[in-house]
Amino acid sequence: MSLPTATNYFRITLLRSAIGLPKRTSGVLAALGLHKRLRTVYHPVSQTVAGQVFAVKELVDVQEVVQALSAREMRQLRQPESGFYVERRAGVRAGEGEGEEVEV
Amino acid sequence: MLSRTLKRALLDSRLPLPPTFLLPWAAGLTTVSHTPEAGNVPPPLIDSAQHVSTDRQAMKSASKQPKSASPAHTAPATAPKLPAPSSTGTSPIALSQSVRDLLPLLQAQGSHYITAHIFDRPYLLTQGDTVRLPFFMKDVAPGDILRLNKASNIGSRDYTLKASAAAPKLKSSTTTTVEVLDPTSGSLASHSRVMPTPSPDSETPSSTAARTMAPHFIPHIAKGKVSYLDDRLFVCRAVVMGVEAEPMRVKEKTKRRQRKVKSVKSKHRYTILKVKEVRIRGVEEIEGGDELD
């Protein structure tokens with residue numbers, strides 16, 4: 001497998017459940033860290049991980065990416081934009097606290 | 001709240017910026033139309049794609065024939081790629097000719113409605129409406145004036161201003177990868193194919209960052225993505241009226257043949273807003289760039 005100088009990662013998402021499949025398959029998913037459907041994990045590209053992915057290739061969607069996101073970062077990206085901002089606070093006269101722009 | 005600043009710090013600190021395909025749920029919004037890659041559109045998105053295409057055709061035909069006899073005449077707004085909040089500097093707005101022609105007509109009509117999005121949920125509002133949000137809005141007090149800056153539609157009786165971009169067909173490119181290695185001529189050595197990262201935009205990678213590729217295909221999150229108008233086109237203000245609470249409800253939790261019954265009390269609160277102003281800016285006001293009101 002040709003790797004550039006930077007570490008690449010597999011971005012693995014579980015799309016199909018392993019219910020009803022042999023325990024070996026769900027063991028592989030547990031080893032990858034995929035315990036629920038539609039969860040995404042990042043693993044550095046290696047032969048081990050590639051073999052694990054190959055074992056569950058029918059259940060999983062894989063991409064090779066440059067950057068790995070943590071669960072916290074993925075959650076931040078999922079948050080929707082608020083769609084509003086506070087223009088003026090109650091009790092503050094217009095023109096006084098105009099610079100205060102709080103994005104909720 | 002910290003979410004926006006944290007997101008900015010997070011995404012700014014990494015270079016190159018995280019590929020926008022990693023913002024799938026948020027990156028479905030763009031004013032640039034993308035040609036989808038070959039392959040089938042996943043079933044849950046087929047309806048949305050068809051709906052989008054008919055809208056696009058309607059808008060295209062409407063823009064070609066401005067004197068349409070149909071009562072619901074759409075005037076799409078070709079806004080720049082990022083309808084960013086007014087705090088970030090963006091390129092000057094570029095209005096299409098049809099918008100220039102029809103915006104005064106839309107303005108001249110008496111009453112207007114707006115589909116404002118708060119946390120991506122649409123609310124159909126007009127001036128004087130009282131909105132009971134289905135959540136408790138934190139960090140606001142009664143009397144605070146909110147400026148709603150995410151809208152997908154503004155209209156009056158006969159005219160509608162929509163955002164021109166359509167939600168692209170969301171499909172992971174990995175599902176269409178067909179690589180046939182010819183054993184006679186091609187090399188059989190394995191090679192890795194890294195997802196190409198689209199060029200990052202100069203602006204903050206917000207939900208409206210332009211993309212050149214479909215994001216990673218995740219159907220349950222990819223549904224329902226809309227495109228927003230540029231927020232310099234309109235003014236929408238609402239006042240926080242107060243907070244309402246539902247009656248106390250008690251959920252009893254127990255199991256069969258188990259005497260212990262646990263009671264859980266719930267009394268949710270909901271923020272009430274009153275829409276004070278729904279106004280569409282004039283062409284001169286938009287192009288003048290003054291954001292005094």
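The values are calculated or read from the model by the stated rules, or taken from the named source; none is laboratory data. Quick caveat: nothing in here was measured; it's all calculated off a predicted structure. Every residue, glycine as well, gets a Cβ built from its backbone with ideal geometry; the counts of neighbours run over all protein chains shown. Surface accessibility is based on the protein's heavy atoms, side chains included, excluding ligands, DNA and RNA. Shrake-Rupley method; radii C 1.70, N 1.55, O 1.52, S 1.80 Å.
Take the conditions (1) open to solvent by 30 Å² or more (accessible area, probe 1.4 Å); (2) modelled with pLDDT under 95; (3) more than 8 Å from every other protein chain (Cβ to nearest Cβ); A:Phe54 misses just one of them, which is (2). Only one of the numbered conditions (1) more than 7 Å from every other protein chain (Cβ to nearest Cβ); (2) farther than 24 Å from B:Asp120 by Cβ; (3) of a type outside the set (A, V, I, L, M); (4) in contact (Cβ under 8 Å) with a residue 24 or more places away in the chain is not met by A:Gln63, and that is (1). Of all the listed residues (B:Arg56, B:Arg132), the sole one being modelled with pLDDT of 95 or more and of a type in the set (Lys, Arg) is B:Arg132.
Conditions (1) open to solvent by 50 Å² or more (accessible area, probe 1.4 Å); (2) at pLDDT 95 or above; (3) closer than 29 Å to B:Leu148 by Cβ, marked per residue:
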{"site": "B:Thr184", "(1), (2), (3)": "yes, no, no"}
{"site": "B:Thr212", "(1), (2), (3)": "yes, no, no"}
{"site": "B:Ile221", "(1), (2), (3)": "no, no, yes"}
{"site": "B:Val250", "(1), (2), (3)": "yes, yes, no"}
{"site": "B:Lys265", "(1), (2), (3)": "yes, yes, no"}
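Might you let me know whether segment B:106-119 holds any residue that is modelled with pLDDT of 90 or more, at positive phi, within 14 Å of chain A (Cβ to nearest Cβ) and surrounded by 17 or more Cβ atoms within 10 Å (Cβ to Cβ)? Within segment B:106-119, not a single residue is modelled with pLDDT of 90 or more, at positive phi, within 14 Å of chain A (Cβ to nearest Cβ) and surrounded by 17 or more Cβ atoms within 10 Å (Cβ to Cβ).
Anything in segment B:139-161 that is at the interface with chain A (Cβ under 7 Å from one of its Cβ atoms) and open to solvent by 10 Å² or more (accessible area, probe 1.4 Å)? List them, or say none.
B:Asp139, B:Val140, B:Ala141, B:Pro142, B:Gly143, B:Ile145, B:Arg147, B:Asn149, B:Lys150
Close contacts from segment B:224-248, counting a first residue that is farther than 13 Å from B:Thr115 by Cα and free of Cβ contacts under 8 Å to residues at least 40 places away in the same chain and a second that is open to solvent by 10 Å² or more (accessible area, probe 1.4 Å) and of a type in the set (D, E, K, R), with Cβ to Cβ under 9 Å and a gap of 6+ residues or different chains, come to B:Ala245/B:Lys267; B:Ala245/B:Arg269; B:Glu246/B:Lys267; B:Glu246/B:Arg269; B:Pro247/B:Lys267; B:Met248/B:Lys265; B:Met248/B:Lys267. Just a yes or no: is a residue in segment A:86-101 within 20 Å of the chain's Cα centre (by Cα), modelled with pLDDT under 95 and within 7 Å of another protein chain (Cβ to nearest Cβ)? For segment A:86-101, residues within 20 Å of the chain's Cα centre (by Cα), modelled with pLDDT under 95 and within 7 Å of another protein chain (Cβ to nearest Cβ): absent. State all residues of segment A:67-82 that are surrounded by fewer than 17 Cβ atoms within 10 Å (Cβ to Cβ) and either of a type in the set (Lys, Arg) or part of a loop (DSSP other than H, G, I, E, B) (or both); if no residue qualifies, say none. Of everything in segment A:67-82, those that are surrounded by fewer than 17 Cβ atoms within 10 Å (Cβ to Cβ) and either of a type in the set (Lys, Arg) or part of a loop (DSSP other than H, G, I, E, B) (or both) turn out to be A:Ala68, A:Ser70, A:Arg72, A:Arg75, A:Arg78, A:Pro80.
Results for (1) over 15 Å from A:Leu69 (Cα atoms); (2) without any contact (Cβ under 8 Å) to a residue 12 or more places away in the chain, shown as yes or no for each residue.
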site: A:Asn8; (1), (2): no, no
site: A:Arg16; (1), (2): yes, no
site: A:Thr25; (1), (2): yes, no
site: A:Val28; (1), (2): yes, no
site: A:Gly33; (1), (2): no, yes
site: A:Gln47; (1), (2): yes, no
site: A:Phe54; (1), (2): yes, yes
